[in-house]
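Read through the structure below, which is laid out as structure tokens, and then see the notes.
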Amino acid sequence: MENCSIKYALDTLSGKWKLYIMYVLSQEKQLRFNELQRRVGDISATMLSKNLSELEKAKLIIRHEYHEIPPHVEYSLSKIGKELTPALDSLGEWGRKLYLQNL
């Protein structure tokens, strides 16, 4: 089972925040760190930074650094990260059905 693609994908996206960060980024072309933190919600800057670093290492997001005054950083989905968008949309639809069923 060590060569299982589902296990590899789940390991890459594991954790409380990664899938939601990917979803938020899928809704915008690019987001600055502070705006991304506001949209994700109840996440510390340290935890967001850690998750973004791991997603960047996995090549699912791209970090754009702008060397201007004031300097800033923006994040966007990579090409392979964008390929996850239909799965996120399907997961969201499934979540809506589950939520309505449990009302």
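The values are calculated or read from the model by the stated rules, or taken from the named source; none is laboratory data. No experiment lies behind these values; they were computed from the predicted model shown. When we count neighbours, we look across all protein chains shown, and the Cβ atoms used for this are built from the backbone with ideal geometry, even at glycine. Side chains are part of the model used for accessible areas, which takes the heavy atoms of the whole protein and leaves out ligands, DNA and RNA. Shrake-Rupley method; radii C 1.70, N 1.55, O 1.52, S 1.80 Å.
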Original post:
Assigning unit charges at the beta carbon (Lys, Arg +1; Asp, Glu -1) and nothing else, what dipole magnitude in debye, to the nearest 20, does the chain show about its Cα centre?
Top reply: 160 debye
**OP:** Would you mind calculating the relative contact order of the chain from Cα pairs under 8 angstrom and at least 6 residues apart, reporting the percent as a whole number?
**Re:** 26 percent
Original post:
Among the listed pairs Lys16/Lys82; Lys59/Lys79; Lys18/Lys59, which are separated by more than 18 Å between their Cα atoms?
Top reply: Lys16/Lys82
**OP:** Would you kindly state how much longer the chain becomes between Trp94 and Glu28 on full extension, computed as 0.36 nm times their sequence separation minus their alpha carbon distance, in nm to one decimal?
**Re:** 21.6 nm
Original post:
With every protein chain left in place, what is the accessible area of Ser90 in Å² (1.4 Å probe, nearest 10)?
Top reply: 80 Å²
Original post:
Which option, [x] 15.0, 51; [y] 13.8, 56; [z] 12.7, 37, is the value of Rg and Dmax of the Cα atoms in Å that was calculated from these coordinates?
Top reply: [x]
**OP:** Only helical DSSP H runs with n ≥ 4 go in: add -39500 (n - 2.57) per run for the chain, normalise by residue count and round the 222 nm mean residue ellipticity to 500 deg cm²/dmol.
**Re:** -16500 deg cm²/dmol
Original post:
Once label points are set 7 Å from the Cα along Cα→Cβ at both Ser53 and Ser76, what is their separation, rounded to one decimal in nm?
Top reply: 2.5 nm
**OP:** With no solvent and one equal point scatterer placed on each C-alpha of the range 44-103, evaluate the Debye formula and give log10 I(q)/I(0) for q = 0.12, 0.23, 0.25 Å⁻¹, two decimals.
**Re:** -0.46, -0.95, -1.00
**OP:** Would you work out which of His72, Ser14, Ser49 lies farthest towards the positive end of the dipole of the chain, given +1 charges on the beta-carbon of Lys and Arg and -1 on that of Asp and Glu, about the Cα centre?
**Re:** Ser14
Original post:
Tell me, what is the FRET efficiency for Ser14 and Tyr66 to the nearest 0.05, using R0 = 25 angstrom and their Cβ-Cβ distance as r?
Top reply: 0.25
**OP:** Take the alpha carbon gyration tensor of the range 1-50, find the square roots of its eigenvalues, order them as a ≥ b ≥ c, and report rounded if a/c is under 1.5; if not, report prolate when a/b exceeds b/c, else oblate.
**Re:** prolate
